[in-house]
Amino acid sequence: MRFLLDDEQREFARSLDGMLGSAGTPGVVRSWASGDHGPGRALWGRLAEAGVFALAVPEEHEGLGVLPVELAVAFGELGRHAVPGPLAETAAAGALLGRLGGDAAGVWLPQLASGKAVASLCVLSPGGSPYALDADAADAVFVVDGDTVRLADAHGPVQPSADPARRPARPLGGVVLAQGPAVTAAAAYAADVAALVTAAQALGLGRALLDRTVEYVRQRTQFGVAVGSFQAVKHRLADTLIALEFSQPLVHAAALALAADDPAAGREVAAAKVSACEAAYGAARTALHLHGAVGYTAELDLSLWIRKARPLRTAWGTPAVCRARVLAGGAVR
């Protein structure tokens, strides 16, 4: 099993990093949180042109094939730059429709791959959430309820979130698209894709938080010296780095297992999800602690990253659910 990215994958990550670094994502996040989706949809189009969403769409529907490793690479950069929107949900919807096929796949998958459509996905499984992320911004909201998948035709009011750029709403009504055992299997695969890319997103988020915190403690002084020179601060940062570095191979292993359709992929994904999201949550707590009082201010761009960590920690599998899945051996698809 190869855990190192190849040259093409590394170049893909660098190109996304460069594009997003000049995209002014803090402004995009604040607009999205206020309900103005224009800047976010413009950035969404640029990501689609780079091939991000085509990575979750089969080739026969104008995609690049469902490529979990490349998806993990891309979502690491999306997390690093705090890109808003139903990113994991769109990827999961592509994986779901790709497995199911049929008329809905023919209609929606080319639009998802090209970025012309944004999708959200809600899986009403035990322990799952009845809310769809950013349903107010999505062109299509797919709802899986047991062995049935439907396309919602409305949604309830947007609910508050710890991250103001995450805008969940309950999907309502809709037309049944498919029903039967195939839906259950396809939904399990889609949920694994969503959990994987959420883990990658959290990993990128955690690395950005660590980088910004290291930069800050080098500049902030106390008692005439940089606070980064204090041993307690160094230990806190080292612990954060170790947690993130430990999570990286778990995310890659999960992507490789999912790409190979390994029966143990569910366990690998759950392990990656809990490890990466706990590491990112720890990075957020470290960033908040070491920035001091300024870390609590909404005006500081860093707050946009800090406030994402907790919702990502519980999205597509809480830590308790993921740990239970690992201990149980993971669901066999």
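The values are calculated or read from the model by the stated rules, or taken from the named source; none is laboratory data. Every value quoted in this text rests on a predicted model; they were computed, and no experiment measured them. Methodologically, a virtual Cβ is constructed for each residue, glycine included, from the backbone with ideal geometry; neighbour enumeration extends over all protein chains shown. Each accessible area value is taken on the protein alone, full model and side chains, heavy atoms only, with ligands, DNA and RNA left out. Shrake-Rupley method; radii C 1.70, N 1.55, O 1.52, S 1.80 Å.
Here are the numbers:
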quantity: Charge context of V149, other residues only, Cβ under 15 angstrom, K/R +1, D/E -1; calculated: -3
quantity: Principal-axis tilt of helix 265-291 within the chain, Cα atoms, nearest 10 degrees; calculated: 30 degrees
quantity: Calculated from backbone phi, Karplus (6.51, -1.76, 1.60) coupling profile of the range 226-235 in Hz, x at Gly/Pro; calculated: 5, 5, x, 7, 6, 4, 4, 5, 4, 5
quantity: Peptides 245-253, 153-161 ordered by average Cβ neighbours within 10 Å, highest first; calculated: 245-253, 153-161
quantity: Euclidean distance between Cα centres, the range 257-314 to the range 17-62, Å; calculated: 20 Å
quantity: Carbon plus sulfur fraction of accessible area for the chain, probe 1.4 Å, in percent; calculated: 56 percent
quantity: Residues with amide H under 5 Å from that of V123, placed H, sequence gap 5 or more; calculated: S129, V144
quantity: Proximal charge balance of A320 [Cβ under 13 Å; K/R count +1, D/E count -1]; calculated: +3
quantity: Against the rule of thumb 2.2 N^0.38 Å, how large the Cα Rg of the range 265-333 comes out; calculated: 1.35
quantity: Debye equation applied to the C-alpha atoms of the chain, log10 I(q)/I(0) at 0.08, 0.09, 0.10, 0.15 Å⁻¹; calculated: -0.35, -0.44, -0.54, -1.23
quantity: Where the chain is the region considered: accessible area per residue in Å², 1.4 Å probe; calculated: 43 Å²
quantity: Angle in degrees between helix 87-100 and the longest Cα principal axis of the chain, rounded to the nearest 10; calculated: 30 degrees
quantity: Computed [θ] at 222 nm, deg cm²/dmol, the chain (DSSP H ≥ 4; -39,500 (n - 2.57); rounded to nearest 500); calculated: -19500 deg cm²/dmol
quantity: Residue-count net charge about G228 - beta-carbon cut-off 10 Å; Lys, Arg +1, Asp, Glu -1; calculated: +2
quantity: Residues with amide H under 5 Å from that of R220, placed H, sequence gap 5 or more; calculated: V227
quantity: 3J(HN,Hα) from dihedral phi, the range 26-33, Karplus parametrisation 6.51/-1.76/1.60, rounded to Hz, x for glycine, proline; calculated: x, x, 5, 4, 5, 5, 4, 5
quantity: Accessible heavy-atom area order of K234, K273, highest first, probe of 1.4 Å; calculated: K234, K273
quantity: Rounded tilt (10° steps) of 181-219 against the dominant C-alpha axis of the chain; calculated: 20 degrees
